[in-house]
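Presented below is the structure to which this report refers.
The values are calculated or read from the model by the stated rules, or taken from the named source; none is laboratory data. Note that this is a predicted model, so its numbers are computed, not measured. Cβ atoms come from the backbone with ideal geometry, glycine included; neighbour counts cover every protein chain shown.
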Amino acid sequence: MAQLVLTVVGDDRAGLVSALAERVSAAGANWEQSELAELAGAFAGIVLVSVPDDRVAELTASLRSLDGLLNVAVHSGSAVEGRQSEQARTLEITVLGNDRPGIVRDVTSAIAAHALSIDTFRSRTLEAPMAGGTLFEATAGIQLPHDADATQIARALEALAGEIQVDLTIA
């Protein structure tokens, strides 16, 4: 069984997910995981599918038929069993502060400086209640190896939060 990662993007309209799901199903593939969203009138996402080895070419060709409706790029995935070992911990970081350029750069640089990889990252802007202005909110999920010291990354992020004047929650 092959694993494929599909990245998709197109102008948002009704039926995009259905058209993609139809192609996946018709090739005997299984839709395993996805993150899909509408952003500023565009539809974008990433989908993990598993497909029988002998039907990969069929699925890939079928996905090309979506051109004009949805641009789909197919990437070979790799089954990484045990990636999240029982000894590993997930650290979730939430940042909230006045919106300004550079917050994502600063936070992700601090994480990368500790040789940690971001598994998930979600962000948005929202209107600040009562105070006016715009807030920036981001949540990052980081898998810590069993031998990693969570207090080191927590201290570094807390120091950064003070420097860039954002609230930080680590769970």
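Annotations
- Residue in region 15-27 that is touching a residue at least 12 places away in the same chain (Cβ under 8 Å), surrounded by 16 or more Cβ atoms within 10 Å (Cβ to Cβ) and touching a Pro at 6+ places or on another chain (Cβ under 9 Å) present: yes
- For region 29-42, the count of residues that are under 18 Å from the mean Cα position of the chain (by Cα) and buried (at least 17 other Cβ atoms within 10 Å of the Cβ) is zero.
Results for (1) under 30 Å from Met1 (Cβ atoms); (2) exposed (fewer than 14 other Cβ atoms within 10 Å of the Cβ); (3) touching a strand residue (DSSP E or B) at 6+ places or on another chain (Cβ under 6 Å), shown as yes or no for each residue.
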site	(1), (2), (3)
Ser78	yes, yes, no
Thr94	no, no, yes
Asp106	no, no, no
His114	no, no, no
Arg122	yes, yes, yes
Leu135	no, no, yes
Ala140	no, no, yes
Ile153	no, no, no
Thr169	no, yes, yes
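- Against the test of being closer than 17 Å to Gly28 by Cβ and either touching an Asp or Glu at 6+ places or on another chain (Cβ under 6 Å) or modelled with pLDDT of 95 or more (or both), the options Ala61, Ala44, Ala73 yield a single qualifying residue, Ala61.
- Some residue of region 107-125 being outside the structural domain of Asn30 (by TED's automatic domain parsing), in contact (Cβ under 8 Å) with a residue 60 or more places away in the chain, more than 30 Å from Trp31 (Cβ to Cβ) and within 19 Å of the chain's Cα centre (by Cα): no
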